[in-house]
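> This is the structure, below, for whatever I ask next.
The values are calculated or read from the model by the stated rules, or taken from the named source; none is laboratory data. Not measured: the values here are computed from a predicted model. For neighbour counting, all protein chains shown are included, and Cβ atoms are generated from backbone atoms with ideal geometry for every residue, glycine included.
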């Protein structure tokens, strides 16, 4: 097992032969569609009411037929997980870490196939899909290593005649509710953090991407995680709600919308008769992220940085930019260049290497985003098409600050430009918002960079670059305010959310002598 | 392994005895060095030498000044200029920089400092950039022509992010070709280097076909104009991300029957790329199978995006596409030089280097093969290689100066790159400027 963490290398898709291999993997996957995603509860493979996940780039293609869990299935899965908890928590940390690392190896060996699956099931363009696989591998390796570090405990103050120690123990059965936008990475990250620290897991993946979640679960099972210690429950609201409400769940890990997150917090913190513990909720709930452009910014860097942040993966990342706060001195020039650049973006299928902006995830998302776009007059708009869930990349400018396009999370390819008088003015606007996930600053003044770094409420600030693409171990990810409960995924403190500390103090004095 | 060493037991590939190039290389190199200002084998031309030496010894100051040069065009007022300079100097872990902050921090000094600093940046820029546009640059260009030095003009500009900006760049190229043609005194004198990344906003590393289709109509039009005015059009190479698109587009367009009898055209081979020998295979194969009135020109360079390639590869977890060992890179440069010279006259060779060893090696090998000025030229960067240019020209070999043209804002990225190169610790020019012995500079890599 590695002792120093290195991020999994990304596929070098700029080389033709690598792209060919990717396309072959996609063809091989297509020949196997639709995939079957049953429930995995203990040792049982359980079937239920079937629902389909489809290719957002071509909705007539069914990617997977999944079996929806009911509240009863959730009950069964937690019962199995309580057994799994007994077994898994007693395994030495080294063994658990080795299993996660083996699972990472399995994902690595299926690299192209899994990227192809994310292309099909989540509509992620190749580079993003590959990044998703690589990040899943990173999470498994990183948390495996961090668990070993945590296992050593922390040093405490020692006195003569007294021996103090502190170690970390698993909290208990963990419910994971995963999103569709990083269908491999976030599922793998949340599940593996819980597993690494000795917790059994019940995973409820997003309805739109069950097959990706199954690939992660399969790898973990094959790597030696007992089936009782990791259940897979595809489905919609019902299993999610049942999971959160069950008194036997100790920790809930969630990534998704604010509304769903706040609901989870409320349910989880309502005591149920028989419950003997306080549930902990780890929630990552989105953002309304702004990039500040100062008068001394290099616009040659700003234009591609904004395009990538706002329109990459059609803006469907919690970290995506949806506001640009531009200094008056460069606003006109930047606006003109951005509008010109917008029309160079190709909207198309995720599987097409030439695509800049893929479709959004489903028809509900498409209609919701179109609703925002129709609520004001765009400054510029890109292409769209009607053979998938496409939305045209859209720029707005000069909307009033209280407009919903500026205030609400849209989660689509929409960017609004606002002119500001100063960086401080921009900071005030950011500060007035309810979210605090990511933010950006383009400036070449060291003092301005310092000032914004101190002033910003966001969890991840990116300077002179795009604001998406956090890497495990390099950019621990997560924000405050309504963006989440704070823990940094992919950072050194994340695993502390999944454990409780036990301090033991032994009196070593016998008959007045220290023994 | 020396470039001309052979694997023991293997017969020489030709009936000739292996050439001993080391002696002629030493002779040619020593002769060139003797023609340059002493005691430095290569001077940094009009760049302040003391400044160069100071910056090489003080990396923190170097970083501070480069960051200042980089931001200078975006500063709106004297106060803004001074504020940036002061901030960079305060942050620099450098005694010289700290001393300077005593001056830049004084409110009353703002205006004079801003004026002086702006003038300094402008003066530096003017050493590399010969004019704001073709008309502005003509006096300098015709002066070089009169001195027997050929030129190639490179139009600096902001990054192309829209179709409108690509059109603007194409129009500037066309105007430049016509302006130069109107001043030319002999055929073949007009020579323009163009960047595909400026001809389209559609270059995508994972989809070369988009950049190819985006740039095709504009490059095609420039080829027609070049043919019409009898100019040479050279397609520059850029970062590795774009090599596939640039190569495919260039070769594809030049394969059109319409361009078989002109214009003269060429491409670039970057010796720092580990797979450059295979890239040369592709270029030579194409050149041999595509008869053209004007031989295809291949400019051999070391490559100017080394840091970018290494940083990008490290962040992505890729093996760097470039040699990370300077000697390996230099040996590859010599191996490619030989293959190119052997491929004349199907191709015409341009050796673009300021490295005295690389230049002398190419000259020695060409002499041994009987390849002369009609098939081989040397290229230097205006402002950096002026002394080298003069020395090469004085020995009767053909030399061409690569002359950037553009305004200060557009030229800043180019300027920063050149300055970084010039003061980098492993730079040949820096070694030469610091007085390294000529014999040492001429040692086989």
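> Looking at the range A:148-167, can you tell me whether even one residue there is touching a helix residue (DSSP H, G or I) at 6+ places or on another chain (Cβ under 8 Å), over 23 Å from residue B:315 (Cβ atoms) and not in a helix (DSSP H, G or I)? Don't jump to the end; show me each part of the working.
Of all residues in the range A:148-167, those touching a helix residue (DSSP H, G or I) at 6+ places or on another chain (Cβ under 8 Å) come to A:148, A:150-151, A:167.
Those left that are additionally over 23 Å from residue B:315 (Cβ atoms): A:148, A:150-151, A:167.
Adding the requirement that they be not in a helix (DSSP H, G or I) leaves A:167.
Taking every residue of the range A:148-167 in turn, at least one turns out to be touching a helix residue (DSSP H, G or I) at 6+ places or on another chain (Cβ under 8 Å), over 23 Å from residue B:315 (Cβ atoms) and not in a helix (DSSP H, G or I).
> For the range B:301-330, give me each residue that is buried (at least 17 other Cβ atoms within 10 Å of the Cβ) and touching a strand residue (DSSP E or B) at 6+ places or on another chain (Cβ under 9 Å).
Passing the criteria: B:301, B:302, B:303, B:304, B:305, B:306, B:309, B:313, B:321, B:322, B:323, B:329.
> Kindly provide the set of residues from the range B:79-95 that are buried (at least 16 other Cβ atoms within 10 Å of the Cβ) and more than 14 Å from chain A (Cβ to nearest Cβ), ordered by number. Spell out the reasoning first.
Residues of the range B:79-95 buried (at least 16 other Cβ atoms within 10 Å of the Cβ): B:80-92, B:94.
Hit for the range B:79-95 is B:94, nothing else.
> OK, next. Pick from A:37, A:54, A:63: which is over 24 Å from residue A:175 (Cβ atoms) and in contact with a helix residue (DSSP H, G or I) (Cβ under 6 Å, 6 or more places away or on another chain)?
Details: A:37 fails: over 24 Å from residue A:175 (Cβ atoms); A:54 fails: in contact with a helix residue (DSSP H, G or I) (Cβ under 6 Å, 6 or more places away or on another chain).
None of the others qualify; the one that does is A:63.
> Which numbered condition in (1) at pLDDT below 95; (2) over 30 Å from residue A:208 (Cβ atoms) is the only one that residue A:433 fails?
Among (1) at pLDDT below 95; (2) over 30 Å from residue A:208 (Cβ atoms), residue A:433 violates only (2).
> Residues A:156, A:150, A:100: which one is out of contact with any strand residue (DSSP E or B) (no Cβ under 8 Å at 6 or more places or on another chain), modelled with pLDDT of 95 or more and either more than 14 Å from chain B (Cβ to nearest Cβ) or within 30 Å of residue A:411 (Cα to Cα) (or both)?
Numbers: A:156 fails: out of contact with any strand residue (DSSP E or B) (no Cβ under 8 Å at 6 or more places or on another chain); A:150 fails: out of contact with any strand residue (DSSP E or B) (no Cβ under 8 Å at 6 or more places or on another chain).
Of the residues listed, the single one that is out of contact with any strand residue (DSSP E or B) (no Cβ under 8 Å at 6 or more places or on another chain), modelled with pLDDT of 95 or more and either more than 14 Å from chain B (Cβ to nearest Cβ) or within 30 Å of residue A:411 (Cα to Cα) (or both) is A:100.
> For the range B:146-171, which residues satisfy the criterion of being surrounded by 18 or more Cβ atoms within 10 Å (Cβ to Cβ), assigned to a helix (DSSP H, G or I) and away from chain A (no Cβ under 14 Å)?
B:170
> Which count do you get for residues in the range B:174-226 that are in a helix (DSSP H, G or I), surrounded by fewer than 18 Cβ atoms within 10 Å (Cβ to Cβ) and away from chain A (no Cβ under 11 Å)? Outline the logic, then answer.
From the range B:174-226, those in a helix (DSSP H, G or I) are B:174-183, B:196-199, B:208-226; that's our starting set.
Still in the list and also surrounded by fewer than 18 Cβ atoms within 10 Å (Cβ to Cβ): B:175, B:178, B:181-183, B:209, B:213, B:216-217, B:220-221, B:224.
Next, from what is left, pick out any that are away from chain A (no Cβ under 11 Å): B:175, B:178, B:181-183, B:216-217, B:220-221, B:224.
So the answer is 10.
> Restricting to the range A:343-368, give me the number of residues that are in a loop (DSSP other than H, G, I, E, B) and more than 14 Å from chain B (Cβ to nearest Cβ). Talk me through it step by step, then tell me what you get.
Residues of the range A:343-368 that are in a loop (DSSP other than H, G, I, E, B), as a first pass: A:343-346, A:348-356, A:358-362.
Going one step further and asking which of them are more than 14 Å from chain B (Cβ to nearest Cβ), we end up with A:359-362.
Qualifying residue count, the range A:343-368: 4.
> Please indicate, with yes or no, whether at least one residue in the range A:60-75 is surrounded by fewer than 24 Cβ atoms within 10 Å (Cβ to Cβ) and within 14 Å of chain B (Cβ to nearest Cβ).
No, that holds for no residue.
> Can you name every residue in the range A:422-449 that is in contact (Cβ under 8 Å) with a residue 24 or more places away in the chain and within 14 Å of chain B (Cβ to nearest Cβ)?
A:422, A:423, A:442, A:443, A:444, A:445, A:448
> May I pose another question? Evaluate the range A:300-317: report whether one residue or more is closer than 21 Å to residue A:476 by Cβ, assigned to a loop (DSSP other than H, G, I, E, B) and modelled with pLDDT of 95 or more.
Among the residues of the range A:300-317, at least one is closer than 21 Å to residue A:476 by Cβ, assigned to a loop (DSSP other than H, G, I, E, B) and modelled with pLDDT of 95 or more, which makes the answer yes.
> So which residues in the range A:1-31 are at pLDDT 95 or above, closer than 30 Å to residue A:147 by Cα and away from every other protein chain (no Cβ under 14 Å)?
Once the filter is applied, which keeps residues that are at pLDDT 95 or above, closer than 30 Å to residue A:147 by Cα and away from every other protein chain (no Cβ under 14 Å), the range A:1-31 yields nothing.
> Now, a different point. Condition first: part of a loop (DSSP other than H, G, I, E, B) and in contact (Cβ under 8 Å) with a residue 24 or more places away in the chain. Now tell me which residues in the range B:100-145 satisfy that.
Taking the range B:100-145 and keeping what is part of a loop (DSSP other than H, G, I, E, B), we get B:105-106, B:129-133.
Answer for the range B:100-145, where residues must be part of a loop (DSSP other than H, G, I, E, B) and in contact (Cβ under 8 Å) with a residue 24 or more places away in the chain: B:129, B:130, B:131, B:132, B:133.
> Against the definition (in a helix (DSSP H, G or I), loosely packed, with under 13 Cβ neighbours inside 10 Å and in the same structural domain as residue A:200 (by TED's automatic domain parsing)), how does residue A:22 come out, yes or no? Talk me through it step by step, then tell me what you get.
Values: in a helix (DSSP H, G or I): yes; loosely packed, with under 13 Cβ neighbours inside 10 Å: no; in the same structural domain as residue A:200 (by TED's automatic domain parsing): yes.
Answer is no for this residue.
> Looking at (1) crowded, with 24+ Cβ neighbours inside 10 Å; (2) touching a helix residue (DSSP H, G or I) at 6+ places or on another chain (Cβ under 6 Å); (3) within 14 Å of chain B (Cβ to nearest Cβ), find the lone condition where residue A:321 falls short.
Among (1) crowded, with 24+ Cβ neighbours inside 10 Å; (2) touching a helix residue (DSSP H, G or I) at 6+ places or on another chain (Cβ under 6 Å); (3) within 14 Å of chain B (Cβ to nearest Cβ), residue A:321 violates only (3).
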